[in-house]
Each structure stands twice: as C-alpha cells, then as structure tokens.
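Enquirer: I have a structure I would like to understand better, so I am pasting it below and will then ask my questions one at a time.
The values are calculated or read from the model by the stated rules, or taken from the named source; none is laboratory data. This is a predicted model, so every value here is computed, not measured. Every residue, glycine as well, gets a Cβ built from its backbone with ideal geometry; the counts of neighbours run over all protein chains shown. Each accessible area value is taken on the protein alone, full model and side chains, heavy atoms only, with ligands, DNA and RNA left out. Shrake-Rupley method; radii C 1.70, N 1.55, O 1.52, S 1.80 Å.
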Amino acid sequence: MFGQGLIGLLVATLAAFYYLYGQQSSRASLYESSSEVRDEIETVFLETWRDYSLHGWSYDVYSPLSHSHRNMPRSGDPMGWIIVDALDTMFMMYNGSTTHRNELLKDILEVQVWIDNQLSYNIDAEVNIFETTIRMVGGLLSAHYYSSQLEMGNPDIYLNKAVDLCDRLAAAFDTSESGIPYSSVNLRTGQAIKNHVDDGASSTAEFTTLQLEFKYLSFLTKNDTYWKLAENVYPALYQSNKLLDAYHGLAPIYTYPDSGRFMGQNIRFGSRGDSFYEYLLKQYLFTHEKLYYDLYRQSMEGMKRHLIGKSRPSGYTYIGEKPFGLTGSLDPKMDHLVCFMGGLLAMGATEGYPIQEARKKALWDSQREEDWKLAQELTHTCYQMYHQTPSGLAAEIVVFNDGRPIPDNAWLSPSGDFYIKPADRHNLQRPETVESIMFLYHLTKDDKYRQWGYEIFSNFVKHTCEVLDDSHNIYLSLKDCVSLPTIKSDNIESFWLAETLKYLHLLFQDDVDLTKVIFNTEAHPFPVLDVGQLRELGLKTGWSP
Ligand SMILES: *[C@@H]1O[C@H](CO)[C@@H](O)[C@H](O)[C@H]1NC(C)=O
Ligand SMILES: *[C@@H]1O[C@H](CO)[C@@H](O)[C@H](O)[C@H]1NC(C)=O
C-alpha cells in the first residue's frame, strides 16, 4: 500500500518534472530555432493551399467546409483573388525553405501557367479599384520582383498582366474633375461607378492606397502615367478640406470623389481610414519623396494629440476614434485593423534601421523617440488582445475600459482593460498584429516578439484548424474566438495566405533588411527604389499641399 503510493508519487513527480522542463525547453528552443518554426508555418500554408487546389482551384471565394466556391465579378470570370494574392508567399517561402522547396516550386510553376493561359482581366463587370489594386496589381508586381530576383519562371508574364489590369483601372480616373477616382470600374468598358451606398462617397483610405502600386508600375514600365494618376488624388483632398490646418492631418473616413470634400466627421485609424496614413509613410520609404514624410509627420502629431487613450486599470495605450470630429469625445473602440500602427510607427521612427543604429543617425529626434515608444506600447496592447482571450486569438473589435460602465452582455478581459461586444467576437485570421510584431522583432532583435508571434501562431493552429475525414487539415475564420471550443465559420480569407502566414514566416527569418523592402498594405513586397534611377526617369512629386 505504502510502497505503491510512494512509487505512484515518484512517477507523478517525475512526470510533472518532465512535463514542466521538457515542455519549457522545447518551447524555448522552438522560437529560437527559427528554421524549425518556418517549417511549421510552411506546413500550415501548404495544407491550406493543398485543400484549395483540390476543392476550390481557380475560384476567387472558397468555403473549405462545404467546398462551395464562386468568383468575385458578377460576370462569373475569375480575378485570381486567392491565387495571385498567395503567390509571392510561395516565392518567399521557397527562397527560405529547407524542406518544402520542390513542393513550392511545383506550385509556383502551376500558378504561372494558370496566370499566363487562363487569367484574363477583360471582364465585363465592375470591380473595386482599391481591393483590386492592393491584392491583384500588388500581387502581380511582387511576383514579378521575386521571379526576376530568384530567376524562376518568366517575370514578364506577371508584369504584362499587371500593366493590362492597371490600364483598365486607370480608366476610372478620367471621370471626376477632382482627380479622385470613383470606387469601382467596369474592367471591359472602363465605365467608372460611384459607391452604391454612403451617398456615393468613397472611403478615404480607398483612393489613397493605390500609390505604391501605381508608382512601382511607372518605374518598371518607364511610363509616368500611373504615377501621375495616383498622385493627383492628393491636391483636392488636402486643399479643399484644409486637411493640415482644420484637421491636423487626420482625415474623416468618407470623401465625395467629385469635389474631394469630406463627408461627415468620423475620424479613425480602423477600417476606411487606416491605409491613408500607411501610404503616406510608405511612399516616403519607397521613393524617398520628403513631402510624404512631412505629411505623415503631421498626421502622427495629430493622432498623438487627439486619439490616444490609456485603459483602466493597467494603462494599455490604444488609438481610439472621434466619430464627431476633433472636438468630439474619444470613443475607446479599436478595430483589430488598427494593430498595424505599431509596425508603421516603428518603421517611421527608424526608417528600417535597427533601433540602436537609428538612434545614432542624424534623422533621430524627440518626435521619433516618442513614436518608437508608442510603437512598442501599441504592439503590446495588440498582443494583450490575443493573450487575454480564452482561445488566445483576438476579436475583430475591442472596446477599452475608460471608466464608463461596461455593457452586461459584453465579454470582459481578465485584466479588465477591454471588452468585446457580442457582434464583434469573430476572428478572420487577420495579419495586423503579427505584422507589427515582425517589424519590432527585426528592429530590436528582442526575443520577446518571437515568443508572442509563436504563441499567436500556435493558437491559430490549435483553434482555427479543422481535421477533415481524410485526415487533412483546413484552417477557417472564426465566428467566435471567445467561446471554447471556438465556433468556426465556413470561410477563408485570401489574406491568411497573403499576409498572416507571410508575416509569421518573416518573423522567423534571420536576415531581413527592412531598409531594402517595402510591403504594400496587402503584404506584397516591393524593393525600395533608387533615387538616381527615379530622377533619370523623371519620376518625381508633382504637387504640394
Ligand atoms: C532569398 O534568400 C536569401 C538568403 O536568405 C536572401 O539574401 C535574399 O535576399 C532572398 N531573396 C529575395 C528576393 O527575397
Ligand atoms: C503610358 O501608359 C498609358 C496608359 O496605359 C498609355 O496610354 C501611354 O501610351 C503610355 N505611354 C507610353 C510612352 O508608352
């Protein structure tokens, strides 16, 4: 009796010891041994891709549980929504992979054949200019970049397709006098179409998130048409609204395309506002046009002055919203989309140099030091949005606790700093938090960021994966990331492949030089352009505010 009990106790102690230490050392070694983690990420990518090629191939929208699928345009023709968006992730993984190279090579060549022979943008249907630019033009241009750099396949196929598509989108710019295109265009007829809702107003972030793609295309084709079209949206926006004086660089989220005037006063860094700010900084980093850094600077000073809040009780920093203009009160609501701001502020402060180096450069000043601090705080806040939920995955929208009453039907985080409303409990496997974590890791080399990223990746694997009958894995959006088990939805977003898994993979790469590459808002990488070459081509800023 006694002996058995003792042996039992011993076994239990040993097991607990083994569990604790075995577990800890394998976890620690995992996020330190980067090639093993990259391998895991590649496996998840390839499982997702395998299922799509088997049951959804060529379709723009795919539901992995029911195997149902459709295309984006009403005409029924494919845009390459998933294929083109995912392609450069395959190139990137191929370049860094130790175990999946052959598999990825085969997939890449298959995609090239499909794009070359099956994909045509001569489609008689209206498409959204912004989404088409960031996903399709962006994806084709970065595929062109990788294909030429890695000398794999035929880069011309991607460039020609991008030119053809961009020429079709360019038709939409002729229609309005302000230079701001309507939201959509018919790819065959070139007819531009206003937004069907919101009184015809465009989202401000839509027409201010085309510039990297159009400018890169001008550079590659040596034709300044695209550059000028994309830049021509700014004068009306800045001048007719007195954006710098009246709004401190913070743009309301709707704009009438004919006049360039804002509709309403709703200011936020979440949906419809976000990438307006992102593309100001990224144009500067991409082409070194100083004007865009100055505009970005003004917007960031406006943001720091008007939109920053601290949660109770822990004092997490967040970016709130001003639904009634700058003089209205701060709404402590934050979309997960806002989580890209940690990475953006960090890149704006350092211009891609590791922080120790950046601090020694002439560019460094107190505003950048402030931005850098804010970048770290926001990234920590976004990590907490994952870490504190039961699944370890973040909801689409959270509301921070600013001392006002918390609704009875909301889920309150364990620390009490934020809550999630019933309608906001979904998770679309979005990239913004791992994006910021990736930037901060490479700028600091602080292992904490790899730990956070690995935790999030593990929770995606644990809580968004469904094992099908034939024992293959699929990964799904969640209807609810707060209940356990999580409630899944029959949906997958192309940005899971294009962005989330790409940024995770980049987090675990060891030689990422952030001064050399710029990511468009859909995570498609472009090489930073050479100032001398731009000058030779006559590509330069064509306006001032
Ligand atoms: C491919 O990988 C090598 C080695 O890591 C790296 O130096 C190079 O920049 C990568 N190429 C591209 C186009 O990313
Ligand atoms: C530049 O591109 C525009 C738009 O596609 C086209 O109309 C024009 O002919 C091109 N210019 C040159 C010099 O190729």
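Matching residues to (1) in contact with a Phe, Trp or Tyr (Cβ under 9 Å, 6 or more places away or on another chain); (2) more than 25 Å from V137 (Cα to Cα); (3) away from ligand 2 (no atom under 16 Å from the Cβ):
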site: W227; (1), (2), (3): yes, no, no
site: Q239; (1), (2), (3): no, yes, yes
site: G249; (1), (2), (3): yes, yes, yes
site: T255; (1), (2), (3): yes, no, yes
site: F262; (1), (2), (3): yes, yes, yes
site: S275; (1), (2), (3): yes, no, yes
site: L285; (1), (2), (3): yes, no, yes
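Enquirer: List the number of the failed condition for L237; all other conditions in (1) closer than 30 Å to Y145 by Cα; (2) at pLDDT 95 or above; (3) crowded, with 18+ Cβ neighbours inside 10 Å hold.
Expert: (1)
Enquirer: Among the residues of the stretch 481-509, write down those that are touching a helix residue (DSSP H, G or I) at 6+ places or on another chain (Cβ under 9 Å) and either in a strand (DSSP E or B) or at pLDDT below 95 (or both).
Expert: If the condition is that a residue be touching a helix residue (DSSP H, G or I) at 6+ places or on another chain (Cβ under 9 Å) and either in a strand (DSSP E or B) or at pLDDT below 95 (or both), then K488 is the only one that fits.
Enquirer: Report yes if some residue within the stretch 166-176 is under 17 Å from S494 (Cβ atoms) and not acidic (D, E); otherwise report no. So that I can check it myself, show each step before the final result.
Expert: Keep residues of the stretch 166-176 that are under 17 Å from S494 (Cβ atoms), which gives none.
Looking through the stretch 166-176, none of the residues is under 17 Å from S494 (Cβ atoms) and not acidic (D, E).
Enquirer: Just checking, which of L428, L440, L412, L468 is under 21 Å from C339 (Cα atoms) and either buried (at least 23 other Cβ atoms within 10 Å of the Cβ) or at pLDDT below 95 (or both)?
Expert: Values: L428 fails: either buried (at least 23 other Cβ atoms within 10 Å of the Cβ) or at pLDDT below 95 (or both); L412 fails: either buried (at least 23 other Cβ atoms within 10 Å of the Cβ) or at pLDDT below 95 (or both); L468 fails: under 21 Å from C339 (Cα atoms).
After ruling out the rest, the residue left standing is L440.
Enquirer: (1) of a type in the set (D, E, K, R); (2) open to solvent by 30 Å² or more (accessible area, probe 1.4 Å); (3) in contact with a Leu (Cβ under 9 Å, 6 or more places away or on another chain); (4) closer than 30 Å to I193 by Cα: which one isn't true of K304, the others all being true?
Expert: The number of the failed condition is (4).
Enquirer: Answer with yes or no whether G260 is in a loop (DSSP other than H, G, I, E, B) and either polar (S, T, N, Q) or open to solvent by less than 10 Å² (accessible area, probe 1.4 Å) (or both). Write out each step before concluding.
Expert: Numbers: in a loop (DSSP other than H, G, I, E, B): yes; either polar (S, T, N, Q) or open to solvent by less than 10 Å² (accessible area, probe 1.4 Å) (or both): yes.
Yes, satisfied.
Enquirer: In the stretch 196-229, how many are within 16 Å of ligand 1 (Cβ to nearest atom) and touching a strand residue (DSSP E or B) at 6+ places or on another chain (Cβ under 6 Å)? Talk me through it step by step, then tell me what you get.
Expert: Initially, the stretch 196-229 is screened for residues within 16 Å of ligand 1 (Cβ to nearest atom), giving 216, 220.
Next cut, touching a strand residue (DSSP E or B) at 6+ places or on another chain (Cβ under 6 Å) only: 216.
Residues in the stretch 196-229 being within 16 Å of ligand 1 (Cβ to nearest atom) and touching a strand residue (DSSP E or B) at 6+ places or on another chain (Cβ under 6 Å): 1 in total.
Enquirer: When the stretch 489-535 is examined, which residues are found to be within 15 Å of ligand 1 (Cβ to nearest atom) and β-branched (V, I, T)?
Expert: Scanning the stretch 489-535 gives V512, T515, V517, I518, V528.
Enquirer: Does the stretch 169-177 contain any residue that is more than 16 Å from ligand 2 (Cβ to nearest atom) and part of a loop (DSSP other than H, G, I, E, B)? First the steps, then the outcome.
Expert: We begin by selecting, within the stretch 169-177, every residue more than 16 Å from ligand 2 (Cβ to nearest atom); these are 176-177.
Narrowing further to those that are part of a loop (DSSP other than H, G, I, E, B): 176-177.
Scanning the stretch 169-177 turns up at least one residue that is more than 16 Å from ligand 2 (Cβ to nearest atom) and part of a loop (DSSP other than H, G, I, E, B).
Enquirer: Where residues in the stretch 286-301 are open to solvent by 30 Å² or more (accessible area, probe 1.4 Å) and charged (D, E, K, R), which of them is farthest from T381 (Cα to Cα)? Walk me through it before giving the result.
Expert: Filtering the stretch 286-301 for residues open to solvent by 30 Å² or more (accessible area, probe 1.4 Å) gives 288, 290-291, 294, 298, 301.
Then keep just the ones that are charged (D, E, K, R); that gives 290, 294, 301.
Working: K290: 31, D294: 27, E301: 20 Å.
In this case the residue turns out to be K290.
Enquirer: Being closer than 27 Å to Q298 by Cα, within 16 Å of ligand 2 (Cβ to nearest atom) and surrounded by fewer than 24 Cβ atoms within 10 Å (Cβ to Cβ): is that true of N266 here? Walk me through how you get there before you give the answer.
Expert: On the way: closer than 27 Å to Q298 by Cα: yes; within 16 Å of ligand 2 (Cβ to nearest atom): no; surrounded by fewer than 24 Cβ atoms within 10 Å (Cβ to Cβ): yes.
For N266, the condition - closer than 27 Å to Q298 by Cα, within 16 Å of ligand 2 (Cβ to nearest atom) and surrounded by fewer than 24 Cβ atoms within 10 Å (Cβ to Cβ) - is not met.
Enquirer: Consider L140 carefully, then state whether it is under 19 Å from E206 (Cβ atoms), within 16 Å of ligand 2 (Cβ to nearest atom), at pLDDT 95 or above and under 23 Å from the mean Cα position of the chain (by Cα).
Expert: Details: under 19 Å from E206 (Cβ atoms): no; within 16 Å of ligand 2 (Cβ to nearest atom): yes; at pLDDT 95 or above: yes; under 23 Å from the mean Cα position of the chain (by Cα): yes.
No.
Enquirer: Same structure again: So is T43 outside any loop (DSSP other than H, G, I, E, B) and open to solvent by less than 10 Å² (accessible area, probe 1.4 Å) or not? It would help to see each step written out before you state the result.
Expert: Working: outside any loop (DSSP other than H, G, I, E, B): yes; open to solvent by less than 10 Å² (accessible area, probe 1.4 Å): no.
Answer is no for this residue.
Enquirer: Residues in the stretch 362-372: is at least one on the phi < 0 side of the Ramachandran plot, open to solvent by less than 10 Å² (accessible area, probe 1.4 Å) and touching a residue at least 60 places away in the same chain (Cβ under 8 Å)?
Expert: Among the residues of the stretch 362-372, at least one is on the phi < 0 side of the Ramachandran plot, open to solvent by less than 10 Å² (accessible area, probe 1.4 Å) and touching a residue at least 60 places away in the same chain (Cβ under 8 Å), which makes the answer yes.
Enquirer: Taking the stretch 403-441, which residues are among the charged types (D, E, K, R) and not in a loop (DSSP other than H, G, I, E, B)?
Expert: As a first pass, look at the stretch 403-441 and keep what is among the charged types (D, E, K, R): 404, 408, 417, 421, 424-425, 430, 432, 435.
Selection gives D424, E432, E435.
Enquirer: Sticking with this one: If I filter the stretch 512-534 for residues that are surrounded by 23 or more Cβ atoms within 10 Å (Cβ to Cβ), under 18 Å from I134 (Cα atoms) and in contact with a Cys (Cβ under 9 Å, 6 or more places away or on another chain), do I get at least one hit?
Expert: Among the residues of the stretch 512-534, not one is surrounded by 23 or more Cβ atoms within 10 Å (Cβ to Cβ), under 18 Å from I134 (Cα atoms) and in contact with a Cys (Cβ under 9 Å, 6 or more places away or on another chain), which makes the answer no.
Enquirer: Out of all the residues in the stretch 201-209, is one or more modelled with pLDDT of 95 or more, within 16 Å of ligand 2 (Cβ to nearest atom), in contact with a Gly (Cβ under 9 Å, 6 or more places away or on another chain) and of a type outside the set (K, R)? I'd like the intermediate steps shown before the answer.
Expert: First, the residues of the stretch 201-209 that are modelled with pLDDT of 95 or more: 203-209.
Filter once more, so that each one left must be within 16 Å of ligand 2 (Cβ to nearest atom): none.
No; the residues of the stretch 201-209 include none that is modelled with pLDDT of 95 or more, within 16 Å of ligand 2 (Cβ to nearest atom), in contact with a Gly (Cβ under 9 Å, 6 or more places away or on another chain) and of a type outside the set (K, R).
Enquirer: If you don't mind, there's one more thing I want to ask. Restricted to the stretch 82-133, and to residues that are among the polar types (S, T, N, Q) and part of a helix (DSSP H, G or I), which residue is farthest from P527 (Cα to Cα)?
Expert: The selected residue is N117.
Enquirer: Which of the numbered conditions does Y216 fail, given that it passes all the others? Conditions: (1) open to solvent by less than 20 Å² (accessible area, probe 1.4 Å); (2) more than 21 Å from G542 (Cα to Cα); (3) within 16 Å of ligand 2 (Cβ to nearest atom).
Expert: With respect to (1) open to solvent by less than 20 Å² (accessible area, probe 1.4 Å); (2) more than 21 Å from G542 (Cα to Cα); (3) within 16 Å of ligand 2 (Cβ to nearest atom), Y216 is out only on (2).
Enquirer: Those residues that are open to solvent by 20 Å² or more (accessible area, probe 1.4 Å) and in contact (Cβ under 8 Å) with a residue 12 or more places away in the chain, I need them from the stretch 123-143; list them, please. If you could, list the steps in order and put the result at the bottom.
Expert: So in the stretch 123-143, the residues open to solvent by 20 Å² or more (accessible area, probe 1.4 Å) come out as 124, 126, 128, 130-131, 135.
Scanning the stretch 123-143 gives D124, E126, N128, F130, R135.
Enquirer: Just a yes or no: is a residue in the stretch 189-201 crowded, with 21+ Cβ neighbours inside 10 Å, hydrophobic (A, V, I, L, M, F, W, C) and without any contact (Cβ under 8 Å) to a residue 40 or more places away in the chain? So that I can check it myself, show each step before the final result.
Expert: Step one: list which residues in the stretch 189-201 are crowded, with 21+ Cβ neighbours inside 10 Å, which gives 192, 201.
Cutting the leftovers down to hydrophobic (A, V, I, L, M, F, W, C) gives us 192, 201.
Keeping just the survivors that are without any contact (Cβ under 8 Å) to a residue 40 or more places away in the chain gives 192.
Yes, that holds for at least one residue.
Enquirer: Hey, could you check the stretch 405-454 for residues that are of a type in the set (S, T, N, Q) and within 25 Å of D490 (Cα to Cα) and say which is nearest to the chain's Cα centre (by Cα)?
Expert: Filtering the stretch 405-454 for residues of a type in the set (S, T, N, Q) gives 409, 413, 415, 427, 429, 433, 436, 444, 451.
Then keep just the ones that are within 25 Å of D490 (Cα to Cα); that gives 427, 429, 433.
Values: N427: 14, Q429: 11, T433: 9 Å.
Looking at the filtered set, the residue picked out is T433.
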